[in-house]
Amino acid sequence: MGFPILSSLILLPLLGAIFIFFSKSKSNAHLTSKYLALFVSFSNFILSLYLWHLFDPSIAEFQFLEEQSWIKGFVNYKVGIDGISILFIILTAFIAPLCIVSVNSTVKYRLKDFLVAILVMESLMIGVFCSLDLVIFYLFFEGGLIPMFLIIGIWGGERRVYSAFKFFLYTLLGSVLMLVAIISIYWITGSTDITYLYNLGIDAKYQYLLWLAFFSSFAVKTPMWPVHTWLPDAHVEAPTAGSVLLAAILLKMAGYGFIRFSVGLFPIASEYFIPLIYILSLIAIIYTSLVALMQEDMKKLIAYSSVAHMGFVTLGIFTFTQQGLEGSIFQMISHGLVSAALFLSVGVVYERMHTRLISNYGGLVSIMPKYAIVLMVFTLGAVGLPGTSGFIGEFLILIGAFKKSFLVAAIASIGVILSAAYMLWLYKRVVFGEIKKDEIKKMPDLNRAEIFILSLLVLPIIFFGFYPEPLLSTTEISIENLIEMYNTNINLNLVEK
Amino acid sequence: MINLNFIYSEIFLCLAIMLFLLIGVFKKNSSYLIYNLSILSLFGCLALIFSFPINISVELFNNSYKIDYLSTYMKILLILSGIFVLLSSSKYIQIIKINKIEYPILILSSVVGMMVMISSNDLILFYIGLELQSLSLYVLASFNRDNILSSESGLKYFVLSALSSGLLLYGCSLIYGFSGSTNFNLISENMNQNSYGVTFGVVFIITGLAFKISAVPFHMWAPDVYEGSPTSVTIFFAILPKIAALAVFIRILYVPFLNIIDQWQIIIVFLSIASMLFGAIAAIGQKNLKRLIAYSSIGHMGYALAGLSTGTNLGIQSSITYISIYLFMNLAFFCCLFMLRRDEKYFENIEDLSGLSKNHPILSFSLLIVLFSLAGIPPLVGFFAKFYIFTAVVEQSMYSLAIIGLLSTVIAAFYYLRIIKVIYFDPEKEIYEKNHSIGLKISLAFSTIFILFYFIYPSPLIEIIEKINII
């Protein structure tokens, strides 16, 4: 066992947060804390890239394993990654510095606390993606509630208190059942170690209830219809950096959870509940797309579009095909980039106009041409136009779905059209048309920092749109392994019957 | 000749109490001195406990007094919390002018009573200990004589507590009548499965004990007494009697009455569920922090009882872990309350916390940690407390208890969040004073660090408690 690179990834932002929290704040100290936070999160990003470099995609097993006795004889601290989790870690490490850069204009007060919250959030989320023990996973998964609650509640908009409470209580309610399930797994099998459980397999008769308990947690977090209502509120009220974190990473924790736990641990139950997932996903895709069409608030529209996109993700996961699962992961990464970019873009105009209502905008193209261009890229990314990363994900998911069921895939395809409708209509109303208000004329175009952040997002969206290979090849073997494990379990179960 | 050296710690405290009384009589203005001496004497008592091997198990005085790992652990816990309580409240009692010599002496005598309770292996001795601690507590509750709320709470506590003691005594007499002995070991031997008299006796005893730990439906006194008593007494109420009562609960249920577990298990489960739900729901509407923490402590006792209801060693251990962790959370919470002082006045309403985070970042952060921990959010220590409890509960396949318990944590999270909202999201108010006694700072720092960083190395506490094997 060499250098504990995963633990360093988890600990580094945490140490940075502690350091910033205890540093004395002078008049200009906020700048120092900001640079420090940026430095910490950026070095974390470099470290994660280095991890990707070291990572061997041809091995199906978990790599970079670290194991440490924690609660003696009960739970071990165990982390490790495979081709699925590494991408999420890199995404997290990539988004966090962007959030920190973006606080410049969006966070007006208590900057230091905000940076602490973001860094703590980062370390918890990286922890979620690399923990290989159910209890450790739960710890990171739930721990994220605390900083996010504060981010929404302290720096949010007008209805921040309501949204923060809703976010917290919804997710907590979903998760407590998962805790019961985790404890039950411990008593059924004698371990909460995921690799051990993968090999052992859980008795089919327990799987259904356990699956439902995990589902209750992930469904809230994904969010799936009908428990998605916290998301628009939380997104709308959170400050820009908070929305970015929520959309780009927090939602992915549930998708990741579905792949790692629901499919990995309870294959038989997953097979059994496929219809449920399909129905909920299709409702999410169609219904929330229609809801998104009617939104007047930009952030709310993007929030609803997130629900629809995550509907594609859950659909893809439960096709249990190579394409479907790869597509889901790709879609999650892509959505992480695109939604982060869209929220940052909304943040840009919100800073200038202090309104998010679509009707207040119009005609930005002549005032802010650069902004219009980047927003175009992001809109097309959200629509899933070929050449952007959004396309690859949706396309793969639909291929996977067609293999399973024509009807489901056909209905899901309608969602693609709807997403084009609401996104392009949003773009049209904001960017084109007449200039209705005089204030718009005074709006300056993107400044250098904004161009820098947004172009950092434009690059991967287009790059992965044309050349998805790096991501796909990283996940390929792990997914093959997962599907193989799934199929053997299903066949075994059939034989037993 | 009985080996007296095993109870040196109790004897030492009794002698200290008498000595302090003498000092108080002969020396003018000695309250400050006696207060500090009391803290020292608790340290001495702790040292005496540690001077004996911890693993011994002896029964003294015709098997009526038991020193074993459980009693030793609970006593250490008790005295530690006694020390912290005294350390943190020294300035408070000066400012609200209840720094009489009797105050620390009453606390010490109550501690002696609790130590007797914890070690008792006989119904009579148990009752003596219980009354010693209760009588001291009645006086302590009404110690702030000029305050009408304090007097009311003392009286209320006295009347209700006397009633519950009566029930308890009646239960004891029934047990004696049907088993022919007051000694726990002998009761256990003579226990008859099918005797209604024994069942009634057990129910009465459980009632009396449930009153002491304020489990629903015997909780009515708690909110008023918590609110009315001086805060320095409330913190005492919130921690020490619960430790002692839980120890006795374990001893009584699992030594004499283990054979009839079918008959009392369902009662404990009911007490537990009722307390968890009631504590969570009733606290939502509260405005006074002390009152709110009273309801919250009702809920927390529900979780401790859930562990107790399992009938396994693991369940007992989880309950003891819970109370050990709960102690530090409560301690930290009250330390924060002691810091809300402005112009010689203490503030105890939720609205007084408004915008606290602006001017008191460290204090607010401690409160934040404590409240999230009380709500049971990982990775704070409160989560582990609940986690151990539910591990034990699920082991016995009591899923409904586990699910109700966890759902009530979600309800309870709401009111903890409400306080956090006031601290962090609301507009700021005037600054509170920042000069606090060093003891208070130490207590707060210690408990906050424990709450925050327990997750890094959770094994030691488990390993210590794992050695408690009653069954």
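The values are calculated or read from the model by the stated rules, or taken from the named source; none is laboratory data. From a predicted model like this one, the values you see are computed outputs, not experimental measurements. Here the Cβ is made from the backbone with ideal geometry for all residues, glycine too, and neighbour counts use every protein chain on show. The area values use the complete protein model at the heavy-atom level, side chains included, leaving out ligands, DNA and RNA. Shrake-Rupley method; radii C 1.70, N 1.55, O 1.52, S 1.80 Å.
Structure notes:
- Put simply, of B:455, B:446 the only residue that is within 14 Å of chain A (Cβ to nearest Cβ) and either in a helix (DSSP H, G or I) or free of Cβ contacts under 8 Å to residues at least 24 places away in the same chain (or both) is B:455.
- Checking residue A:176 against (1) within 14 Å of chain B (Cβ to nearest Cβ); (2) modelled with pLDDT of 90 or more, the condition it does not meet: (2)
- With respect to (1) assigned to a helix (DSSP H, G or I); (2) over 22 Å from residue B:278 (Cβ atoms), the lone exception for residue B:305 is condition (2).
- Filter result (touching a Ser or Thr at 6+ places or on another chain (Cβ under 9 Å) and either within 18 Å of residue B:212 (Cβ to Cβ) or open to solvent by 10 Å² or more (accessible area, probe 1.4 Å) (or both)) within the stretch B:148-158: B:149, B:151, B:152, B:153, B:154, B:155, B:157, B:158
- Summed over the stretch B:66-121, the residues that are β-branched (Val, Ile, Thr) and under 18 Å from residue B:17 (Cα atoms) give a count of 9.
- Unmet requirement for residue B:385, which otherwise passes all of (1) touching a residue at least 12 places away in the same chain (Cβ under 8 Å); (2) of a type outside the set (Val, Ile, Thr); (3) within 12 Å of chain A (Cβ to nearest Cβ): (3)
- Check on residue B:320, open to solvent by less than 10 Å² (accessible area, probe 1.4 Å), more than 21 Å from residue A:185 (Cα to Cα) and either away from chain A (no Cβ under 13 Å) or not charged (D, E, K, R) (or both): yes
- Qualifying residue in the stretch A:75-83 (condition: among the aromatic types (Phe, Trp, Tyr) and either within 14 Å of chain B (Cβ to nearest Cβ) or at positive phi (or both)): yes
- Among (1) open to solvent by less than 20 Å² (accessible area, probe 1.4 Å); (2) away from chain B (no Cβ under 14 Å); (3) at pLDDT 85 or above - the single one residue A:94 does not satisfy: (1)
- Residue in the stretch B:362-380 that is in contact with a Pro (Cβ under 7 Å, 6 or more places away or on another chain) and at pLDDT below 90 present: no
- Residues that are out of contact with any Leu (no Cβ under 9 Å at 6 or more places or on another chain) and assigned to a helix (DSSP H, G or I), drawn from the stretch A:73-84: A:83
- Counted residues, the stretch A:58-72 - those being part of a strand (DSSP E or B) and either open to solvent by 80 Å² or more (accessible area, probe 1.4 Å) or away from every other protein chain (no Cβ under 14 Å) (or both): 6
- Residue match in the stretch A:376-399 (condition: touching a residue at least 12 places away in the same chain (Cβ under 8 Å), more than 30 Å from residue A:275 (Cβ to Cβ), crowded, with 23+ Cβ neighbours inside 10 Å and of a type in the set (Phe, Trp, Tyr)): yes
- Residues that are under 30 Å from residue B:355 (Cα atoms) and not polar (S, T, N, Q) within the stretch A:61-110 comprise A:96, A:97, A:98, A:99, A:100, A:101, A:103, A:107, A:108, A:109, A:110, listed in sequence order.
- Criterion applied to A:185, A:194 was being within 14 Å of chain B (Cβ to nearest Cβ) and either open to solvent by 40 Å² or more (accessible area, probe 1.4 Å) or of a type outside the set (S, T, N, Q) (or both), and the one residue passing it is A:185.
- Any hit, the stretch B:89-100, residues being farther than 30 Å from residue B:255 by Cα, aliphatic (A, V, I, L, M), out of contact with any strand residue (DSSP E or B) (no Cβ under 7 Å at 6 or more places or on another chain) and free of Cβ contacts under 8 Å to residues at least 24 places away in the same chain: no
- Of all residues in the stretch B:388-424, those satisfying the criterion of being among the polar types (S, T, N, Q) and either open to solvent by less than 50 Å² (accessible area, probe 1.4 Å) or touching a residue at least 24 places away in the same chain (Cβ under 8 Å) (or both) are B:391, B:396, B:408, B:409.
- Residues satisfying the criterion are present in the stretch B:320-339 (criterion: outside any helix (DSSP H, G or I) and under 25 Å from residue B:87 (Cβ atoms)).
- Any chance residue B:286 is out of contact with any helix residue (DSSP H, G or I) (no Cβ under 7 Å at 6 or more places or on another chain), open to solvent by 10 Å² or more (accessible area, probe 1.4 Å) and in contact (Cβ under 8 Å) with a residue 24 or more places away in the chain: no
- Scanning the stretch B:425-471 for residues that are among the small types (Gly, Ala, Ser) and either open to solvent by 30 Å² or more (accessible area, probe 1.4 Å) or modelled with pLDDT under 85 (or both) yields a total of 1.
- Condition check for residue A:13 on (1) over 21 Å from the mean Cα position of the chain (by Cα); (2) surrounded by 13 or more Cβ atoms within 10 Å (Cβ to Cβ): one failure, at (1).
- Given (1) in a helix (DSSP H, G or I); (2) under 25 Å from the mean Cα position of the chain (by Cα); (3) touching a residue at least 60 places away in the same chain (Cβ under 8 Å), number of the condition residue B:368 does not satisfy: (3)
- Taken over the stretch A:374-393, the criterion of being at negative phi and not aliphatic (A, V, I, L, M) is satisfied by A:378, A:379, A:381, A:386, A:388, A:389, A:390, A:391, A:393.
- Residue list for the stretch B:289-317, restricted to those being among the aliphatic types (A, V, I, L, M) and open to solvent by less than 10 Å² (accessible area, probe 1.4 Å): B:289, B:292, B:293, B:294, B:298, B:301, B:304, B:305, B:306, B:308, B:316
- Verdict on residue A:112 being in contact with a Leu (Cβ under 6 Å, 6 or more places away or on another chain) and within 25 Å of residue A:8 (Cα to Cα): no
- Among the residues of this structure, residue B:365 does not count as one that is open to solvent by less than 10 Å² (accessible area, probe 1.4 Å) and within 9 Å of chain A (Cβ to nearest Cβ).
- Any hit, the stretch A:231-245, residues being surrounded by fewer than 24 Cβ atoms within 10 Å (Cβ to Cβ), hydroxyl-bearing (Ser, Thr, Tyr) and part of a helix (DSSP H, G or I): no
- Screening A:140, A:129 for residues that are modelled with pLDDT of 90 or more, within 11 Å of another protein chain (Cβ to nearest Cβ) and under 30 Å from residue A:271 (Cβ atoms) leaves exactly one candidate, A:140.
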